[in-house]
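Engineer: Here it is: the structure, laid out below.
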Amino acid sequence: MKSFTQIILFLVVCCYVGISSAQVIEKDIDSIITSKVNSDSFGVILLVKEKGKVLYDKAFGKSNIELKQDMKTDNIFDIGSITKEFTAVSILQLKDKGKLKLDDDIRMYIPDYPTQGYKITIENLLTHTSGIKSHTDSSWAENEAGLFFENTINVINYFKNDSLEFAPGDKYSYANIGYLILGHIIEKVSGLTYADYLNKNIFKPLEMTNTFFPTDGEEIKNKAKGYEVEDGSIVPARYYSFSQGRGDGGIHSTTSDISKWYDGLLNNKVISRESLEKAWSPYKLNNGSFSNYGYGFYSDKKFDKLTIFHTGFIFGSSASDLFFPEDDLLIVLFSNISDINSINTNEIVFDIASSIYKNKTPKLTTEQLDKFVGIYTMKKGFSAKVFREELQLMISVDGQPANKLYPESETLFIVKDFPAKVEFLPDIKTINIILSMGPNRFEGIKITE
């Protein structure tokens with residue numbers, strides 16, 4: 001992989017010959033979306049932009065099913081956990097200004113936070129390596145999501161847990177409460193509310209005029225109505241309090257404004273190039289392995305390119321952004337339904353990227369794919385089943401729902417919507433398969449055809 005600095009220099013001096021817009025086949029993208037979205041049901045909006053030029057900007061389905069209102073490309077959505085990108089960059093802004101350090105102990109800002117004697121740093125919070133247990137489980141969704149809190153510290157005190165799941169830096173484990181703590185740190189260091197800080201230091205400078213952090217009860221014009229699935233039927237989404245999202249979620253935006261966000265990042269309008277490089281780099285764990293999460297962004301390598309992405313998922317809204325810095329290619333997809341079986345925004349943005357980069361994707365025959373079909377026993381004690389559906393290779397781990405595998409070479413495959421890879425080694429007796437998921441690597445042997 002090229003270094004981040006090399007990529008940026010490439011862009012600055014314009015030496016890279018961009019993907020031709022002729023390669024973006026509109027009907028292919030239309031087909032991907034219409035296969036998932038019914039014109040009379042929930043909707044999506046999709047923006048594809050390359051090197052400053054909008055290649056695709058369309059809306060599908062309904063923004064309000066009951067009123068039969070069509071989705072529009074300027075509809076506003078709750079972007080959920082994509083908010084973490086903005087929280088992380090706000091922390092990096094304060095770091096760039098000398099207001100804080102990433103190795104600061106969080107007890108500098110919350111003296112009574114239970115850390116079990118460990119030092120939990122701001123960097124641990126940014127990278128989801130703090131060991132703090134996430135609070136947003138199914139119990140929270142059913143019982144506590146609607147609770148209102150006057151301020152961020154009250155949210156933290158209500159949900160904080162006295163035990164850690166692991167020592168800070170040992171593992172990656174996604175925890176929303178870590179970003180709530182970061183939201184509190186932003187407020188304490190800046191002297192502004194979370195919403196006011198973002199507005200003053202990010203939204204206004206980048207002219208993101210349709211991006212904001214709302215308050216409970218605020219009338220949000222042009223917002224798509226949110227839906228969920230209950231007992232097989234599409235129903236209006238449950239309520240949740242924005243007061244709980246100062247840092248980990250709740251920002252509202254449009255696809256156009258998200259494109260302004262990435263333009264601002266790439267052109268160093270909000271943080272230094274050095275800080276952006278760190279944000280977009282995998283984080284090194286205590287054991288020397290790397291997580292696929294940097295500071296507020298997932299970082300991986302797809303289609304042989306640096307790949308930056310995040311997803312957001314909250315009652316009535318799902319969102320994904322996917323960015324390829326080498327090509328300055330951005331794909332943003334929002335939907336007003338939070339049901340992954342109805343629509344998986346992350347999978348779709350990677351499908352679109354595959355369509356754009358399809359000339360780089362090898363075409364394998366059934367004979368080539370069938371070499372990998374079989375049951376594999378992994379050295380860690382679990383099993384994996386690899387099977388083929390026509391020309392699509394699939395993998396199911398320990399009986400879990402199968403994931404599609406997409407070839408990057410004749411033996412290396414990726415799972416598109418999260419950081420996972422499968423490498424086949426059919427000619428090596430001791431190892432026939434390697435599963436890589438984030439920093440974890442699992443080896444196995446094929447036991448049946």
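The values are calculated or read from the model by the stated rules, or taken from the named source; none is laboratory data. Fair warning: this is a prediction, and the values are worked out from it, not measured in the lab. Positions of Cβ are backbone-derived with ideal geometry, glycine not excepted, and every protein chain shown enters the neighbour counts.
Engineer: Evaluate the range 346-366: report whether one residue or more is closer than 30 Å to Tyr240 by Cα and of a type in the set (A, V, I, L, M).
Structural biologist: yes
Engineer: Based on this model, can you work out whether Asp112 counts as within 30 Å of Gly288 (Cβ to Cβ) and of a type in the set (Asp, Glu)?
Structural biologist: no
Engineer: Can you say whether Val332 is over 18 Å from Ile25 (Cβ atoms), crowded, with 18+ Cβ neighbours inside 10 Å and either of a type in the set (Phe, Trp, Tyr) or under 26 Å from the mean Cα position of the chain (by Cα) (or both), as far as the supplied structure shows?
Structural biologist: Spelling it out, Val332 is indeed over 18 Å from Ile25 (Cβ atoms), crowded, with 18+ Cβ neighbours inside 10 Å and either of a type in the set (Phe, Trp, Tyr) or under 26 Å from the mean Cα position of the chain (by Cα) (or both).
Engineer: If only one of Tyr174, Tyr179 is under 19 Å from the mean Cα position of the chain (by Cα), assigned to a loop (DSSP other than H, G, I, E, B), within 23 Å of Phe242 (Cβ to Cβ) and touching a residue at least 24 places away in the same chain (Cβ under 8 Å), which one is it?
Structural biologist: Criteria check complete, one pass: Tyr174.
Engineer: Would you pick out the residues in the range 277-293 that are touching a strand residue (DSSP E or B) at 6+ places or on another chain (Cβ under 9 Å) and either farther than 19 Å from Asn124 by Cβ or surrounded by fewer than 21 Cβ atoms within 10 Å (Cβ to Cβ) (or both)?
Structural biologist: Listed by number, the residues that qualify are Ser281, Pro282, Lys284, Leu285, Ser289, Phe290.
Engineer: Could you tell me whether Leu369 is modelled with pLDDT of 90 or more, among the aliphatic types (A, V, I, L, M), part of a strand (DSSP E or B) and under 20 Å from Asp351 (Cβ atoms)?
Structural biologist: Against the criterion (modelled with pLDDT of 90 or more, among the aliphatic types (A, V, I, L, M), part of a strand (DSSP E or B) and under 20 Å from Asp351 (Cβ atoms)), Leu369 does not qualify.
Engineer: Which count do you get for residues in the range 23-53 that are touching a residue at least 40 places away in the same chain (Cβ under 8 Å) and either part of a strand (DSSP E or B) or not assigned by TED's automatic domain parsing to the domain that holds Leu329 (or both)?
Structural biologist: 8
Engineer: Looking at the range 407-449 only, could you name the residues that are closer than 23 Å to Pro362 by Cα and acidic (Asp, Glu)?
Structural biologist: Once the filter is applied, which keeps residues that are closer than 23 Å to Pro362 by Cα and acidic (Asp, Glu), the range 407-449 yields Glu408, Glu410, Asp417, Glu423, Asp427.
Engineer: Let me ask you something else. Being outside any loop (DSSP other than H, G, I, E, B), modelled with pLDDT of 95 or more and buried (at least 22 other Cβ atoms within 10 Å of the Cβ) narrows it down to one residue among Ser256, Ser318; which is it?
Structural biologist: Ser318
Engineer: Run down Asp96, Asp105 and say which single residue is touching a helix residue (DSSP H, G or I) at 6+ places or on another chain (Cβ under 7 Å), assigned by TED's automatic domain parsing to the domain that holds Asp321, acidic (Asp, Glu) and in contact (Cβ under 8 Å) with a residue 12 or more places away in the chain.
Structural biologist: Exactly one residue qualifies, and that residue is Asp96.
Engineer: Sticking with this structure for a sec: Could you pull out the residue among Ser134, Ser163, Ser190 that is over 19 Å from Phe242 (Cα atoms), crowded, with 17+ Cβ neighbours inside 10 Å and either among the hydroxyl-bearing types (Ser, Thr, Tyr) or at pLDDT below 95 (or both)?
Structural biologist: Ser190
Engineer: Among the residues of the range 387-413 satisfying the criterion of being in a strand (DSSP E or B) and in contact with a Leu (Cβ under 7 Å, 6 or more places away or on another chain), which is farthest from Asp304 (Cα to Cα)?
Structural biologist: Among residues in the range 387-413 that are in a strand (DSSP E or B) and in contact with a Leu (Cβ under 7 Å, 6 or more places away or on another chain), the one farthest from Asp304 (Cα to Cα) is Arg388.
Engineer: Let me ask something else about it. Can we say Gly250 is buried (at least 20 other Cβ atoms within 10 Å of the Cβ), more than 22 Å from Asp103 (Cβ to Cβ) and touching a residue at least 24 places away in the same chain (Cβ under 8 Å)?
Structural biologist: For Gly250, the condition - buried (at least 20 other Cβ atoms within 10 Å of the Cβ), more than 22 Å from Asp103 (Cβ to Cβ) and touching a residue at least 24 places away in the same chain (Cβ under 8 Å) - is met.
Engineer: Count, please, the residues in the range 195-219 that happen to be more than 21 Å from the chain's Cα centre (by Cα), without any contact (Cβ under 8 Å) to a residue 60 or more places away in the chain and assigned to a helix (DSSP H, G or I).
Structural biologist: Total meeting the criteria: 4.
Engineer: Also, I was wondering about something else. Can you pull out the residues in the range 259-276 that are surrounded by fewer than 24 Cβ atoms within 10 Å (Cβ to Cβ) and either outside the structural domain of Leu102 (by TED's automatic domain parsing) or within 16 Å of the chain's Cα centre (by Cα) (or both)?
Structural biologist: Passing the criteria: Ser259, Tyr262.
Engineer: Could you figure out which of (1) modelled with pLDDT of 95 or more; (2) of a type outside the set (A, V, I, L, M); (3) under 20 Å from the mean Cα position of the chain (by Cα) isn't true of Glu50?
Structural biologist: Single failed check for Glu50: (1).
Engineer: When you scan the range 86-113, how many residues do you find that are surrounded by fewer than 15 Cβ atoms within 10 Å (Cβ to Cβ) and in a loop (DSSP other than H, G, I, E, B)?
Structural biologist: Of the residues in that region, 7 qualify.
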